Each structure stands twice: as structure tokens, then as C-alpha cells.
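Nothing in this text is a laboratory measurement; each read-out follows from the coordinates by a stated rule. Given the structure is predicted, the values throughout are model-derived calculations rather than measurements. Quick reminder, even Gly has a Cβ in these numbers, built from the backbone with ideal geometry, and neighbours come from all protein chains shown.
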Amino acid sequence: MSKVLSSLCFLLLAALSLSAQNEPPTVVQIQMSVNAADETITVDYNVEDQEGDQISVYLRVSEDEEYFYIPDDGLSGDWGENVSPGTGQITWAYPAQLDPRTLSFQLSVWDDHPIDVQALVNQVDSQRLQDRLASYQGIKHYLQNPQGLQAFRDTIQSHFENAGLQTYLNNFTFSGTAGVNIIGKKPGLEKANQVWVLDGHYDTVGDSPGADDNGSAIVGVLECLDILDEVQFKESINFIAFDFEEQGLVGSNRYVNTGIRNYEEIEGVFNFEMIGYYSDEPNSQMLPFGFEILFPEVAQEVANDDFRGNFLTNVGNEASADLIERLDLAAETYVPNLRVLSLAVPGNGNIAPDFRRSDHASFWDGGYPALMITDGANFRNLNYHTPEDTWEKLNYTFMSQVVQATMAALVEAAQPVNGRTYDIESTVSYQHVHLDPEAELLIYPNPASDHLMLEIQKGGNHLYDIGIFALNGNAVYQGKMHGKENRRVSLTGIPAGHYLVIANYLENKLAKELLIQK
């Protein structure tokens with residue numbers, strides 16, 4: 001059996017073992033109806049749970065088919081926590097400014113069965129990390145090997161997409177060259193706006209195959225992604241591969257400034273920066289200049305162990321103290337054989353530039369808690385930024401332990417749940433709605449020249465599709481307006497002539513003839 005097939009079988013068997021412990025709730029029927037007259041949406045569902053557990057049920061709504069949120073108000077019926085299995089009904093009095101026809105809907109359900117974090121941690125495979133890194137190593141530099149850099153981008157993007165992540169690119173330009181940050185989102189089922197980040201950069205310096213810097217980070221990210229593929233979370237996880245880190249954290253700076261979605265609240269960042277080099281030899285670990293002044297206790301601990309490079313360094317700033325503690329606790333609980341030394345640098349680390357040499361610093365500067373999870377770079381690995389940074393010089397037991405501890409911290413932060421999500425927009429049906437018989441579309445002035453005012457009398461506060469059509473049927477203007485607003489439409493660029501103005505709401509149509517004179 002090939003190593004690849006063996007790894008796939010291992011993951012499948014592990015997933016089956018986990019799922020056999022407790023099946024998530026299953027929605028066996030969903031029906032949604034919209035009462036446009038009352039501006040309410042009703043969802044009728046039937047949910048089963050093999051163990052008969054109380055479940056959580058949530059209606060989720062999206063205006064862009066990407067970000068699904070639970071409405072803040074207007075919900076009633078059988079939703080929230082501690083709902084009994086069986087039939088249920090949720091009613092949502094939706095805001096008048098929304099048009100249900102433009103929305104997407106999901107129903108998320110989960111029970112209170114705890115997820116076995118240790119079982120997930122145990123799936124991390126050192127051989128799989130080694131095999132993947134051996135296949136990935138190679139120069140990935142925008143000048144020395146742009147083809148290799150692009151090929152690795154494509155590999156990462158395909159991996160994200162094949163895992164079912166919401167994958168998008170944060171594009172930018174550096175020195176006239178296109179740069180690409182690759183983001184793969186695993187949306188949370190309850191608080192999708194609250195986001196945890198696991199990242200690493202995928203570019204290298206110009207003469208290095210970049211096994212430790214930073215291929216080790218990318219294979220760590222992908223290992224976590226593969227293991228967590230079937231696990232659902234209350235909060236979202238963004239898996240990110242950053243570009244142009246080696247040119248001064250360019251990619252992560254661009255992401256922090258332009259790549260974070262408006263709805264996203266970054267809760268914490270786990271940044272892999274070289275996680276594969278380990279040595280138990282005395283004097284294999286050096287310390288940055290001034291380290292013993294800033295961190296005397298940690299410096300003494302390293303000295304007491306004869307300066308062996310046999311530990312993980314967990315670096316945060318003072319604002320990331322809770323995140324530092326989260327990783328420390330995860331390592332102690334789930335990977336007790338991993339030695340972790342933790343540092344909280346003052347401010348944003350400007351007093352100690354050696355602790356700002358990775359993408360976590362961009363998040364510090366943006367005001368977000370972030371960790372640099374590292375083997376120490378050139379203070380341990382003398383192959384750093386040289387042609388000798390190759391896969392066979394790394395320690396894959398150590399690397400797997402780093403991935404295990406980080407994944408455990410990430411899993412507990414994002415709050416795993418035993419659940420599923422169901423799309424329901426395809427089942428939407430609308431109740432028949434009649435407008436007031438006296439409803440009327442008003443347009444003025446008529447004839448018009450440079451602009452037109454639209455108004456709907458006695459048309460309710462429904463959202464109307466508005467169009468101005470030439471007599472041959474071609475639309476010269478299309479838009480939307482609510483029945484209780486006035487709309488000014490510019491006629492600039494529309495030729496003189498006779499037109500028809502139409503306001504549509506579901507099966508209802510209001511129309512007026514219009515003459516444009518120039």
C-alpha cells in the first residue's frame with residue numbers, strides 16, 4: 001500500500017471511529033414559506049437524534065451567500081439551545097429593508113455531545129508531514145523562481161477548495177509583481193463573525209528550498225485542515241497562506257489592511273514560523289541580543305539545560321497574554337512531552353525586533369492578539385536562509401508535536417460542536433400577495449429630461465424591482481426601491497423617446513408611460 005493511500009485510510013478510519021461514538025443530529029425535513037404581506041418567514045423542520053439528546057437549532061441568513069448570520073431579533077418558536085428532537089417551527093419577522101428573494105438560508109443543528117480533542121490530536125501524523133514537505137520543498141521566490149512560487153500557490157488554493165473551504169484570494173502588488181494571500185474559511189455555525197486564524201507564509205528567499213522556512217508551516221496548516229475537515233465549530237477558522245513575508249511581511253500587512261472582511265472580528269492568530277528544527281545537543285540554541293535582560297527567567301531555563309534547542313518558543317505580545325496561556329495549556333494537556341517556553345514581549349515588540357520577524361507582527365500592529373509559534377529560526381537552525389534548508393534535516397516528531405499543541409488550542413478556541421448545516425433556500429415558497437387595489441406608481445416630471453422622481457402610493461413597504469424600458473423591450477435603467485420611499489433616477493445618457501416605467505413586487509406590476517425630451 002502506498003504511503004498516500006495509507007494516510008488516507010488512516011484519516012478515514014479515524015473519522016469513522018469518531019463519528020461512531022455519537023452521530024450528530026439529522027434534519028430529515030425542511031420547508032420554508034414567506035408571507036410577504038406580514039414580512040415573516042416560517043421554517044418547519046423535523047430533526048432526529050439517535051441518542052435523543054437535546055439539541056441546538058439555529059436559522060442562519062446570508063445576504064451574499066458567504067457570511068451566514070443568526071438574526072439578532074425577530075425570531076420566535078423552536079430555536080436556540082435545549083430544543084427537543086422532532087418537529088419544530090421557527091418564525092422570523094425580517095426587517096422591511098430586506099428582500100427574502102435575495103437571501104440564502106441555512107438551518108444548523110448540533111447536540112451537546114463533547115468533541116474528543118485528544119482523538120483529533122492523535123491523528124497528526126509525522127510521516128505524512130515528512131512526505132508532504134519532501135514533495136513541497138523548493139525555491140519559491142518572485143524573482144529567482146516565479147514558476148515555483150505560482151505552482152505552490154495553485155497547490156495550496158486547490159487544497160483549500162478541495163477541503164470545501166470558502167476560498168478567496170487577497171491580491172496585491174509588490175515591486176511591480178503580483179502577490180497573493182490565499183484564505184480558506186471554515187465558517188462557524190453560531191458566531192461566524194468571530195474568526196480564529198491559523199497561518200504560515202509560503203514564499204522563500206531566493207537561494208533556499210525553504211523546508212523549515214517556511215514549508216514546515218504550510219504542511220502544518222494543511223495537516224490541521226485535513227484533520228478538522230469533518231469537524232464543525234461555533235466560531236469560524238481562517239486558514240491562511242501568506243505571500244511576500246520574506247520581503248518584509250508584505251502579504252500579512254496587506255491582509256490586515258485590506259483582506260479582513262467587514263463582518264469579521266479576529267479573535268486570535270496562531271502563526272507558524274519554522275516549526276521543524278530540533279536539537280538535543282548542548283549549545284545548539286542561541287539567544288537574541290538582550291534576551292536575558294527582557295526574559296531573565298526563560299534565559300536561565302535555557303542555560304540550565306545547557307542551551308539545548310529542544311523546545312518550542314511561544315511568542316506573543318502583552319496584549320496576547322490570554323492566547324499565550326491558551327497554547328501553553330493545550331500543550332500541557334494534550335502534548336505533555338512537548339517542551340514550551342513562552343514569551344510576552346512589551347508593546348508590539350518594537351523594543352525587540354527579533355520577535356517581530358514574522359506575520360504575527362502585522363496582526364500586533366493591527367491590534368489583534370497573535371502568536372509566533374517557532375523553533376527559533378537562525379538562533380537554532382544554522383541552515384536558515386541557505387541552500388541547506390532541506391526536509392531531511394528536520395525532526396518530524398517535534399514538528400508533529402507542535403502541530404498537535406497548536407491544533408488543540410485552535411480547536412478549543414473555536415468551540416467544536418457535533419452538528420451539521422443544511423441549505424434550505426431551494427425550498428422557499430411565497431404566499432400569494434395582493435397589493436392594495438389603489439396602489440399606484442407615480443412618476444414626475446413627465447415629460448422629463450435630466451432626472452425622474454419615482455413614488456409608489458399605497459404600495460406598502462415592499463421591496464420593488466424598478467425598470468425603465470424602451471418600447472423594444474430593452475432596459476435602460478434597473479434598480480430597487482421600497483414602497484415608502486421616493487427615488488430620484490438620473491436620465492443622463494438615456495436618449496429622448498417614449499418609455500415604460502415598471503415597478504414589480506412578486507406577481508404584482510405597476511406601470512406608467514414616460515416621455516423623455518432632450
Practice task
Give the long-range amide H neighbours of Gly349: residues separated by 5 or more places, or on another chain, with amide H under 5 Å away, using H modelled in the peptide plane at 1.01 Å from N.
Solution key: none
Practice task
Whole number please: convex hull volume per residue, Cα atoms of region 257-352, in Å³.
Solution key: 134
Practice task
Run the quick spin-label model on Asn262 and Gln29: label points 7 Å from Cα toward the beta carbon, then report their separation in nm to one decimal.
Solution key: 4.0
Handout entry: Check: the chain dipole with +1 on Lys, Arg Cβ and -1 on Asp, Glu Cβ, in debye
Key = 1720
Problem - All-pairs alpha carbon distance profile, region 319-376, 10 Å steps from 0, percent - result: 22, 53, 23, 2
Completion exercise
region 242-348: relative contact order from alpha carbon pairs under 8 Å, six or more residues apart, as a whole percent, is 22
Problem - Extension gain (nm, one decimal) between Glu48 and Ser135, 0.36 nm per residue minus Cα-Cα - result: 26.9 nm
Exercise for the section: Give the long-range amide H neighbours of Ile237: residues separated by 5 or more places, or on another chain, with amide H under 5 Å away, using H modelled in the peptide plane at 1.01 Å from N. Expected result: Lys186, Gly188, Trp196
Exercise for the section: For helix 396-414, report the angle its Cα long axis makes with the longest principal axis of the Cα atoms of the chain; keep it between 0 and 90° and round to the nearest 10°. Expected result: 40
Handout entry: C-alpha long axis of helix 126-136 to longest principal axis of the chain, angle in °
Key = 70
Fill in the blank from the handout: Cα-based Rg then Dmax for the chain, in Å, read 28.3, 91
Practice task
Specify the angular offset, from 0 to 90 degrees and rounded to the nearest 10, of the alpha carbon long axis of helix 321-334 from the longest principal axis of the alpha carbons in the chain.
Solution key: 70
Handout entry: Compactness of region 82-149 - radius of gyration and Dmax, Cα, Å
Key = 24.3, 62
Handout entry: Estimated vicinal HN-Hα couplings, Hz - region 83-94 in sequence order (Karplus 6.51, -1.76, 1.60; Gly, Pro = x)
Key = 8, 6, x, x, 7, x, 9, 10, 10, 10, 7, 7
Exercise for the section: Just the number, please: percent antiparallel of the DSSP beta bridges in region 440-516, rounded to the nearest 5. Expected result: 95
Problem - Rounded Å value of the spacing that divides the Cα centres of region 63-135 and region 369-406 - result: 34
Fill in the blank from the handout: Rounded to the nearest 0.05, FRET efficiency between Glu507 and Glu485 (Cβ-Cβ, R0 30 Å) equals 0.85
Practice task
Could you compute the FRET efficiency for Glu388 and Asp38, with r as their C-beta to C-beta distance and R0 at 60 Å, rounded to 0.05?
Solution key: 0.25
Practice task
Just tell me which aspartates and glutamates come within less than 12 Å, Cα to Cα, of Lys512; anything on the same chain fewer than 8 places away is out.
Solution key: Glu440, Glu455
Fill in the blank from the handout: In this structure, the FRET efficiency calculated for Asp154 and Leu471 from their beta-carbon separation, with R0 = 60 Å, to the nearest 0.05, is 0.75
Exercise for the section: Apply the Karplus parameterisation 6.51 cos²θ - 1.76 cosθ + 1.60, with θ equal to phi minus 60°, to every residue of region 33-41 and state each ³J(HN,Hα) to the nearest whole Hz, in sequence, with x for glycine and proline. Expected result: 10, 10, 9, 5, 5, 8, 6, 10, 10
Handout entry: Inter-label distance, nm, simple model (7 Å from Cα along the C-beta direction), Glu318/Glu161
Key = 4.6
Problem - Ranked packing of 105-115, 330-340, 365-375, most packed first, by mean Cβ within 10 Å - result: 365-375, 105-115, 330-340
Fill in the blank from the handout: Non-local residues with an amide H under 5 Å from the amide H of Ser342, with H modelled 1.01 Å from N and Pro and chain starts lacking one, are Asn314
Practice task
Once every Cα of region 23-112 carries one equal point scatterer and solvent is ignored, give the base-10 log of I(q)/I(0) from the Debye formula at q = 0.12, 0.20, 0.25 Å⁻¹, two decimals.
Solution key: -0.36, -0.93, -1.30
Problem - Euclidean distance of C-alpha centroids, region 263-293 and region 20-61, integer Å - result: 45
Completion exercise
Here the Kirkwood hydrodynamic radius of region 134-206, Cα-based and in Å, equals 13.7
Problem - Net charge of neighbours whose Cβ lies under 9 Å from the Cβ of Gly251, counting Lys and Arg as +1 and Asp and Glu as -1 - result: -3
